[in-house]
Structures are given as C-alpha cells and as structure tokens.
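Below: the structure, in structure tokens.
The values are calculated or read from the model by the stated rules, or taken from the named source; none is laboratory data. These numbers were taken from a predicted model, which means no experiment stands behind them. Neighbour counts are summed over all protein chains in view; Cβ atoms, including those assigned to glycine, are modelled from backbone coordinates with ideal geometry. Side chains are part of the model used for accessible areas, which takes the heavy atoms of the whole protein and leaves out ligands, DNA and RNA. Shrake-Rupley method; radii C 1.70, N 1.55, O 1.52, S 1.80 Å.
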Amino acid sequence: MTKYTLREAALELLTRIGEQGGFSHVLLDREISKQKLSRQDGALLTEIVYGTLQRRDLIDFYIQPYIAKQKKIKPWVRWLLYMSVYQMTFLERVPDHAIIHEAVEISKKRGHKGISSFINGVLRNVQRKGVQSLEKIEDPVERLIIETSHPKWLVDRWVKQYGVDTTKAMCEANNHHLPLSLRVQPLRITRKDAMNQLRKDGFKVEESVLSPQGFIVLEGAVLAHPLFHEGYLTVQDQSSMLVAEMMDLQEKMKVLDACSAPGGKTTHMAEKMSDRGEVIAYDLHEKKAKLVSKKAEQLQLTSITANQADSRELSEKHPTGSFDRILLDAPCSGLGVLRGKPDIKYHKKEEDIFTLRKIQDELLNEVAPLLKSNGKLVYSTCTVDQHENEEAVQHFLNKHPDFEVDETFFKELPEPLQNGTGISDKGLQLFPHEWDTDGFFLTRFTKK
C-alpha cells in the first residue's frame with residue numbers, strides 16, 4: 001500500500017469513527033486484515049488513527065487560530081487537518097512537506113480547489129508559525145482537559161473522586177501506547193520456555209508481576225509468531241489476567257462466567273483448574289458466545305461450555321447454590337481502556353455510567369443466589385469510576401447481608417499490589433499509569 005493510499009484509509013477510518021461512532025479497534029483490525037497490510041504499514045496506520053483520536057481536542061486547539069474564520073468545515077476536511085497536524089507535531093519520521101503534499105492531494109481527490117487551498121493554507125501556517133501555546137489557558141484543570149483531550153465531564157468527575165494528581169496521571173497515560181501482554185497456555189508450554197523461544201527469535205519480552213502465566217512484549221510483532229497461531233499463547237491485558245489468579249480455583253470446581261466474551265478470562269479459569277473442572281460461560285449475544293467457544297478450541301481446552309443467555313435470567317437455568325465460583329466481569333463504561341479504545345471518551349456520556357450501574361446491580365443480584373455456601377464471587381470491571389466499582393460493591397453488600405468482601409483476597413494479591421494506592425476495603429482499583437495496564441477494578445465476595 002502506498003503512503004498516499006494508507007493515509008486515505010486513515011482518513012476514512014477517522015471520519016467513520018469520529019462522526020458515526022464506529023469502534024476504533026474493530027474497524028482498524030478489519031482494515032489491516034482486508035488490505036493485507038505489511039507489519040510496517042499496519043503499525044503506521046494504527047499510529048495515525050489512534051494518535052489522532054487520542055489527541056483530537058488538543059489538535060483542534062492548536063489549529064483554531066488558522067480555521068476560526070472558516071464558517072463551516074466538512075467533517076472529512078476537519079479530520080484530514082487533524083491527522084495531518086498530528087503527524088507534523090508528534091511523528092518525526094515523516095517530513096512536513098510530504099505530509100502537506102499528501103493532504104493536499106487527498107483533498108483534491110475528495111473535494112474541490114477551494115478545499116485543497118484551505119488545507120494547504122492551514123498546514124503551511126502550522127509549518128511556518130507553529131501551534132498556539134497551552135500557556136494561554138490559566139486554569140490547570142481546563143488546561144489538562146485540552147492537553148490530554150478528555151471531556152470536561154470526565155475530568156471533573158475523576159478530580160472529584162481521585163484528586164488532580166491522579167487524574168492528570170490517568171489522562172496522560174491514556175494517550176500513550178499500551179504494551180502488548182500475552183498469556184501462556186500452561187498445560188502446553190511454560191512461561192519460561194515461551195519467553196526463551198521468543199527471545200531467540202529476536203523479541204524483547206519481560207515477565208508480568210500480575211500473573212505467573214503473563215509476560216509483556218516490549219519489541220517485535222509477536223502476533224505473527226507460530227506460538228501464537230498454534231494456540232500456545234493468547235492476548236490478554238495484565239489487569240484481566242489478575243481476575244482468574246484471584247478466583248482461588250481448584251480442580252473439579254464448577255464455575256460460572258456470567259459475561260464471558262471474548263473468552264480471555266473464561267479460558268484462563270479453565271487453565272487454572274488444569275482443564276479438569278467445569279466452566280459454564282454465557283454472553284448476551286450468540287455471536288459473542290461463539291467467540292468464547294472458538295478461543296477454547298484454539299487453546300485446546302475442553303472444560304468450557306459457552307452459550308447465549310441474558311445473565312439476569314440465569315435462575316431459570318440453574319438452581320440456587322449451583323456453583324463453587326462465579327465471575328461477573330460486568331458490562332461497564334470502559335473508562336479504563338481508553339489507551340486501546342480512545343474513541344470511548346468522546347462517545348460516552350456521564351448518564352451512561354448510571355444506566356450501566358443499574359445493569360451491574362441487576363446482574364449481581366441475579367447471580368449471587370447461584371453461589372454455594374462458602375463459595376466465592378469475583379466482581380470486576382474495566383473502568384475507573386467509583387460509582388460502578390466501590391459504590392456498586394457497597395450497594396450489593398447492603399442488599400445481601402449473607403455476603404461479605406473476602407478479607408483473604410487482599411492477602412492473596414501479588415505482593416507489589418498489596419500496598420498500592422488503589423486498595424480500599426471494597427477491593428482493588430488498578431490505575432492505567434501505575435502498572436502500565438488497563439484501568440481495572442476487582443473484588444471478591446464470600447457467601448457466609
């Protein structure tokens with residue numbers, strides 16, 4: 001793919017994601033696969049799309065002096081400016097003149113002479129005069145909102161919950177690349193052997209401190225490696241790996257995964273039981289439930305049964321006290337995964353948090369009776385909002401006096417986490433800037 005065609009593809013993706021609400025990671029993966037892009041081209045396309053989305057509001061601030069007189073700018077023109085200025089400001093390997101030339105050529109193809117002249121004028125001004133300074137913004141919180149391109153409602157909410165310093169650290173982390181982490185299938189290969197093999201093949205890897213099955217890829221396109229394609233490895237963020245590690249699993253247990261797709265935690269739980277238990281997995285959508293079955297097949301695990309169901313109605317399928325362990329990885333706002341899905345911060349609204357919390361409460365209320373006495377229930381989310389996390393835990397405990405937060409959960413956490421800033425009496429909050437992971441919350445209940 002020529003650089004010109006690649007940037008056309010980037011513009012198409014950005015316009016669709018930015019204006020129509022498409023999921024960035026899904027559309028990007030689909031485009032890379034469809035065009036059969038080389039590793040280098042796929043990396044550049046990803047960099048342009050994610051980088052532009054992550055810093056959209058900052059770039060808009062940068063170019064305001066040069067576009068203020070323009071009454072109406074078509075969406076694709078605005079995104080072409082954003083992606084071009086992103087490359088000029090944050091990418092060093094492509095010269096400005098090449099970026100400007102390609103942007104003008106794209107604008108000629110998609111628009112008319114007036115548009116191409118406008119594009120050329122704005123980008124030439126950025127090249128010659130630079131961008132306006134953030135020092136113009138006196139209020140530190142307002143400056144943070146623009147500098148990190150996070151919506152005001154979200155930053156205000158985090159400042160109220162965690163203070164300015166933690167909010168600033170989270171926002172900055174959300175605009176940086178999240179390193180790829182992988183989990184070994186321990187019934188087929190050890191972490192040590194997998195890492196040694198990858199190192200021999202030129203990859204730079206290091207162990208995860210959050211899971212004895214996990215490691216981080218620091219350098220190299222490992223997803224093309226035979227170990228990955230032959231089912232010895234699977235992609236999973238370190239924070240998600242922590243879930244199965246904290247389930248306190250043993251062989252022959254019967255486990256419920258109430259919201260299982262795409263199956264990372266489901267398969268991890270089966271591995272922790274040496275594939276000698278029973279993992280019953282459900283997802284609201286049949287297509288997603290099939291993804292869980294497919295992942296189990298890829299990893300050669302036979303103890304998993306995945307089906308479609310609304311987990312708020314599982315009492316119709318299973319009698320009270322059916323399971324030794326239950327995992328509820330609840331649907332949430334996803335505010336902890338902005339590093340990999342930057343479009344979320346523009347599409348989510350504050351009221352979405354309260355709508356989702358109702359679903360979380362309903363799911364907890366429904367699955368709780370299915371746990372055996374002395375059983376354990378893990379509740380987790382990929383968000384950093386207290387309303388969905390600590391407040392949801394307290395609400396559940398108030399309604400279910402036969403449950404309590406398991407005190408042994410805190411003692412069983414990996415040692416580096418035991419004195420972390422995210423520890424509370426309700427569970428563990430992982431922040432994206434602390435361990436270079438997604439933002440994630442988990443806790444464990446016991447049934448008295």
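Just to be sure before I move on: is GLN87 within 24 Å of SER149 (Cα to Cα) and surrounded by fewer than 13 Cβ atoms within 10 Å (Cβ to Cβ) in the structure I sent? No, not satisfied. Residues in the range 252-309 that are more than 22 Å from GLU366 (Cα to Cα) and assigned to a loop (DSSP other than H, G, I, E, B): LYS252, MET273, SER274, ASP275, ARG276, GLY277, LEU299, GLN300, LEU301, THR302, SER303.
Restricting the search to the range 406-446, which residues are over 23 Å from GLU207 (Cα atoms) and crowded, with 20+ Cβ neighbours inside 10 Å? Within the range 406-446, ASP406, GLY427, THR443, ARG444, PHE445 qualify. Please work out which residue is nearest to the chain's Cα centre (by Cα), limiting yourself to the range 174-208 and to residues that are buried (at least 20 other Cβ atoms within 10 Å of the Cβ) and within 25 Å of THR421 (Cβ to Cβ). Looking at the filtered set, the residue picked out is ASN174.
For first residues located in the range 1-30 and of a type outside the set (D, E, K, R), partners that are modelled with pLDDT under 95 and open to solvent by 90 Å² or more (accessible area, probe 1.4 Å) and lie 6+ apart or on another chain with Cβ distances below 6 Å form the pairs GLY22/ARG16.
Annotation: ARG7 fulfils all but one of (1) of a type in the set (Lys, Arg); (2) in contact with a helix residue (DSSP H, G or I) (Cβ under 7 Å, 6 or more places away or on another chain); (3) modelled with pLDDT of 85 or more; (4) open to solvent by 60 Å² or more (accessible area, probe 1.4 Å); the unmet one is (4).
Select, from GLN308, GLN250, the only residue that is of a type in the set (S, T, N, Q) and under 25 Å from the mean Cα position of the chain (by Cα). None of the others qualify; the one that does is GLN308.
Results for (1) small (Gly, Ala, Ser); (2) in a helix (DSSP H, G or I); (3) closer than 27 Å to ILE344 by Cα, shown as yes or no for each residue.
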| position | (1), (2), (3) |
| --- | --- |
| LYS168 | no, yes, yes |
| ARG188 | no, no, no |
| ASN196 | no, yes, no |
| SER211 | yes, no, no |
| LEU223 | no, yes, yes |
| PHE228 | no, yes, no |
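Look at (1) open to solvent by 60 Å² or more (accessible area, probe 1.4 Å); (2) modelled with pLDDT of 95 or more; (3) within 25 Å of the chain's Cα centre (by Cα) and you find that THR381 fails only one, number (1). The single condition among (1) touching a residue at least 60 places away in the same chain (Cβ under 8 Å); (2) under 21 Å from GLU31 (Cβ atoms); (3) in contact with an Asp or Glu (Cβ under 8 Å, 6 or more places away or on another chain) that MET83 does not satisfy is (3). Do we have any residue at all in the range 216-230 that's at pLDDT 95 or above, under 29 Å from GLN418 (Cβ atoms), open to solvent by 50 Å² or more (accessible area, probe 1.4 Å) and β-branched (Val, Ile, Thr)? No: zero hits.
The rows are residues; the columns are (1) modelled with pLDDT under 95; (2) surrounded by fewer than 22 Cβ atoms within 10 Å (Cβ to Cβ); (3) aliphatic (A, V, I, L, M).
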{"residue": "LYS265", "(1), (2), (3)": "no, no, no"}
{"residue": "ALA270", "(1), (2), (3)": "no, no, yes"}
{"residue": "SER274", "(1), (2), (3)": "no, yes, no"}
{"residue": "ASP283", "(1), (2), (3)": "no, no, no"}
{"residue": "LYS288", "(1), (2), (3)": "no, yes, no"}
{"residue": "LEU291", "(1), (2), (3)": "no, yes, yes"}
{"residue": "LYS294", "(1), (2), (3)": "no, yes, no"}
{"residue": "GLU297", "(1), (2), (3)": "no, yes, no"}
{"residue": "LEU301", "(1), (2), (3)": "no, no, yes"}
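Could you tell me whether any residue of the range 92-109 is open to solvent by less than 10 Å² (accessible area, probe 1.4 Å) and either farther than 26 Å from GLU147 by Cβ or under 25 Å from the mean Cα position of the chain (by Cα) (or both)? Yes; the residues of the range 92-109 include at least one that is open to solvent by less than 10 Å² (accessible area, probe 1.4 Å) and either farther than 26 Å from GLU147 by Cβ or under 25 Å from the mean Cα position of the chain (by Cα) (or both).
In this structure, GLN132 does not satisfy being within 24 Å of TYR346 (Cβ to Cβ), open to solvent by 20 Å² or more (accessible area, probe 1.4 Å), touching a residue at least 60 places away in the same chain (Cβ under 8 Å) and assigned to a helix (DSSP H, G or I). Is it the case that some residue within the range 18-33 is under 30 Å from LYS129 (Cα atoms) and open to solvent by less than 60 Å² (accessible area, probe 1.4 Å)? Within the range 18-33, one or more residues are under 30 Å from LYS129 (Cα atoms) and open to solvent by less than 60 Å² (accessible area, probe 1.4 Å).
Condition (residue is in a loop (DSSP other than H, G, I, E, B), open to solvent by less than 20 Å² (accessible area, probe 1.4 Å) and among the charged types (D, E, K, R)) applied to the range 343-359: is it met by at least one residue? Yes - at least one qualifying residue is present in the range 343-359. Give me the residue from the range 62-83 that is open to solvent by less than 60 Å² (accessible area, probe 1.4 Å) and touching a Ser or Thr at 6+ places or on another chain (Cβ under 9 Å) and, out of that set, farthest from THR15 (Cα to Cα). Only one residue fits best here, namely TYR62.
With respect to LYS376, is the statement that it is crowded, with 16+ Cβ neighbours inside 10 Å, at pLDDT below 95 and farther than 28 Å from HIS25 by Cα true?
Against the criterion (crowded, with 16+ Cβ neighbours inside 10 Å, at pLDDT below 95 and farther than 28 Å from HIS25 by Cα), LYS376 does not qualify.
Of the listed requirements (1) more than 30 Å from SER181 (Cβ to Cβ); (2) assigned to a loop (DSSP other than H, G, I, E, B); (3) out of contact with any helix residue (DSSP H, G or I) (no Cβ under 7 Å at 6 or more places or on another chain), GLY336 misses just one: (1). Assessment of the range 285-297 against the conditions (within 21 Å of the chain's Cα centre (by Cα) and closer than 24 Å to ASN374 by Cβ) yields no matching residue.
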